[in-house]
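The structure appears right after this line, and notes come after that.
The values are calculated or read from the model by the stated rules, or taken from the named source; none is laboratory data. It should be emphasised that the depicted structure is a prediction, and the values quoted were computed from it without experimental measurement. Here the Cβ is made from the backbone with ideal geometry for all residues, glycine too, and neighbour counts use every protein chain on show.
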Amino acid sequence: MELTFLGTGAGVPSKERNVTAIALSLLQENNSVWLFDCGEATQHQILYTSIKPRKINKIFITHLHGDHIFGLPGFLSSRSFQGGEDPLYLYGPPGTQLFVETSLKVSKSHLAYPLYIEEIGEGKVLEDDQFIVHAVKLDHGIDSYGFRVEEKDKPGKLLVDKLKKIGILPGPIYKQIKENNTVTTADGRVIHSKNFIGPSKKGRTLCIFGDTRYQESHANFARNADILVHEATFDRESEHLAYEYFHSTTVQAAKLAKRGNVNTLILTHISSRYQEKATNTLLTEAREIFPETYLADDFYQKTIEKQD
């Protein structure tokens, strides 16, 4: 699992930062890439990475402000010309379907792949064999969501030496033991799999929040996440502006990460008022509260390591 920040700015693009889009590479897990938000020029940003648009098969939209969705029609159209034939699943707040279908209809764009749009609310968004994704409603004036991506725990290793000691030698029965609670051997013995499989390997958890005011209750949604991606549109001194415009400060994001006991905090959605060296101050403010904080620039990458 690897995050690539395709755009880290707030509101409008600047020379240093494009508007919001984050790619989650799951190539090793299921040979796909998931996209969170798709601000203007996201497809252009992708050209500077190794990401293949045809590998993007899920897009999650946090909210419908332009800096998070204006790149969507262009990306969807271009994916057809870049070898994308597999279905694409799009999840977003109410209004997502109208925006996409109107954009494609008016521009007379034709997609060469099936597009499935699901408008979401709070709760479970999807579940498959490997992942569960939940959404929580944030505080941003319009419907804005945070997403929690949980990788399911993986079964532990088969304790081969223990099986050999009781006379069960390698063969098809090993696979049966891993896949079933109980297995009966040819000589009539009942094997309880839990006694011959090591501890489960804990899955990883990632939280990506859309734009939001600071709310202490959001810490519960991010609880114990390996990585929390949170907006930090304003600095410590601009808390009144953050509240007025339904955004958060660096310090507020750090407080939330600390309260939620997350491992790592990544700040993004940085206002264009903070240029070059000024962003060092933003990072320092957050690290005073939560030391394991990083501030994302465009094309910043972060790997979510497997847990022991």
inquiry  = Whether any residue in region 279-293 is at pLDDT 95 or above and under 19 Å from the mean Cα position of the chain (by Cα) is what I want to check.
reply    = yes
ask   = Filter region 256-278 for residues that are buried (at least 16 other Cβ atoms within 10 Å of the Cβ) and closer than 11 Å to Asp235 by Cα; which is farthest from the chain's Cα centre (by Cα)?
value = Tyr274
ask   = Does at least one position in region 18-33 carry a residue that is at pLDDT 95 or above, farther than 27 Å from Val136 by Cβ and not β-branched (Val, Ile, Thr)?
value = no
request  = Answer yes if at least one residue in region 249-257 is at pLDDT 95 or above, within 30 Å of Lys152 (Cα to Cα) and not in a helix (DSSP H, G or I), and no otherwise.
outcome  = no
task = State all residues of region 126-150 that are modelled with pLDDT under 95 and under 12 Å from the mean Cα position of the chain (by Cα); if no residue qualifies, say none.
result = none
ask   = Residues Pro87, Pro73, Pro93: which one is farther than 25 Å from Ser14 by Cβ, over 17 Å from the mean Cα position of the chain (by Cα) and at pLDDT 95 or above?
value = Pro87
note = The number of residues in region 1-21 that are hydrophobic (A, V, I, L, M, F, W, C), under 18 Å from the mean Cα position of the chain (by Cα) and not in a strand (DSSP E or B) is 2
task = Scan region 83-107 and report the pairs whose first residue is assigned by TED's automatic domain parsing to the domain that holds Leu126 and part of a loop (DSSP other than H, G, I, E, B) and whose second residue is among the β-branched types (Val, Ile, Thr) and modelled with pLDDT under 95, with Cβ atoms within less than 8 Å and a gap of 6+ or a chain change.
result = none
inquiry  = Condition first: touching a residue at least 40 places away in the same chain (Cβ under 8 Å), of a type in the set (D, E, K, R) and surrounded by fewer than 24 Cβ atoms within 10 Å (Cβ to Cβ). Now tell me which residues in region 200-255 satisfy that.
reply    = Lys201, Lys202, Arg204, Arg213, Glu216, Asp226, Asp235, Arg236, Lys255
ask   = When both residues are 6+ apart or on different chains and their Cβ atoms are under 9 Å apart, which pairs have a first residue that lies in region 111-126 and is farther than 15 Å from Leu76 by Cα, and a second that is outside any strand (DSSP E or B) and among the acidic types (Asp, Glu)?
value = Gly121/Asp143
ask   = Within region 110-119, can one find any residue that is surrounded by fewer than 17 Cβ atoms within 10 Å (Cβ to Cβ), under 17 Å from His65 (Cα atoms) and at pLDDT 95 or above?
value = yes
